[in-house]
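The values are calculated or read from the model by the stated rules, or taken from the named source; none is laboratory data. Predicted model, so just to flag it, every value in this text is computed and none were measured. Heads up, the Cβs are rebuilt from the backbone with ideal geometry, glycines too, and the neighbour counts pull from every protein chain shown.
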Amino acid sequence: MTIQAIATEQAPAAIGPYSQAIQFGNLIFTSGQIPLGIDGQVVEGGIEEQTHQVFRNLEAVLAEGGAKFESVIKATVFLKDMSQFAKVNEIYASYFGNHKPARSTVEVARLPKDVYVEIEVIAATIVE
């Protein structure tokens, strides 16, 4: 099996020496996505706007690799403030629907660009 970088112009470019995602076999490992627009700027607004942008970024990266939210196996959510968990959880559920991947959620002292949320996922490519 080979390791292949996944890159899409439909999500912001990596802001460091890493890939948007890596594919190994039929697994896709995304880098943590933060609420940047395609222009690389942090979206304006609070936790809700930022969380929706993170999911738009994840969706674009997953699609480039041939996956979607229904094929996510594991998600890790990093929050700047755990008191925002209920809001993030509601938005999270709206993207996954009945699909419930394994998940960890942790509060961290600081995130890149001082954003409120970062999410990374592991997904399987869609075999039809």
Could you tell me which numbered condition Ala13 fails, if it satisfies all but one of (1) closer than 13 Å to Ala123 by Cβ; (2) at pLDDT below 95? (1)
Could you grab the pairs with beta carbons closer than 6 Å, sequence gap of 6+ or different chains, first residue in the stretch 93-119 and of a type in the set (Ser, Thr, Tyr), second one not in a loop (DSSP other than H, G, I, E, B)? Tyr95/Phe55; Tyr95/Phe69; Ser104/Thr76; Thr105/Val77; Tyr116/Ile47; Tyr116/Gln50
Which of (1) surrounded by fewer than 13 Cβ atoms within 10 Å (Cβ to Cβ); (2) out of contact with any Lys or Arg (no Cβ under 7 Å at 6 or more places or on another chain); (3) over 16 Å from Gln10 (Cβ atoms) is the odd one out, the single condition Gly40 does not satisfy? (3)
Pairs under 9 Å by beta carbon, first residue under 13 Å from Thr30 (Cα atoms) in the stretch 48-63, partner modelled with pLDDT of 95 or more and acidic (Asp, Glu), six or more apart or different chains? Val54/Glu118; Leu58/Glu120; Ala60/Glu9
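Output the residue which, of all residues in the stretch 1-40 that are free of Cβ contacts under 8 Å to residues at least 24 places away in the same chain and over 22 Å from Val77 (Cβ atoms), is nearest to the chain's Cα centre (by Cα).
Looking at the filtered set, the residue picked out is Ala5.
Just for strands (runs of 3 or more DSSP E) wholly inside the stretch 47-128: which have at least 1 residues that are buried (at least 17 other Cβ atoms within 10 Å of the Cβ)?
Of the strands (runs of 3 or more DSSP E) lying wholly inside the stretch 47-128, those with at least 1 residues that are buried (at least 17 other Cβ atoms within 10 Å of the Cβ) span 72-79, 117-124.
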If you scan the stretch 17-32, which residues turn out to be among the aromatic types (Phe, Trp, Tyr) and in a loop (DSSP other than H, G, I, E, B)? Tyr18
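Quick one: is Phe78 of a type in the set (Phe, Trp, Tyr) and either farther than 30 Å from Thr2 by Cβ or touching a Leu at 6+ places or on another chain (Cβ under 7 Å) (or both)?
yes
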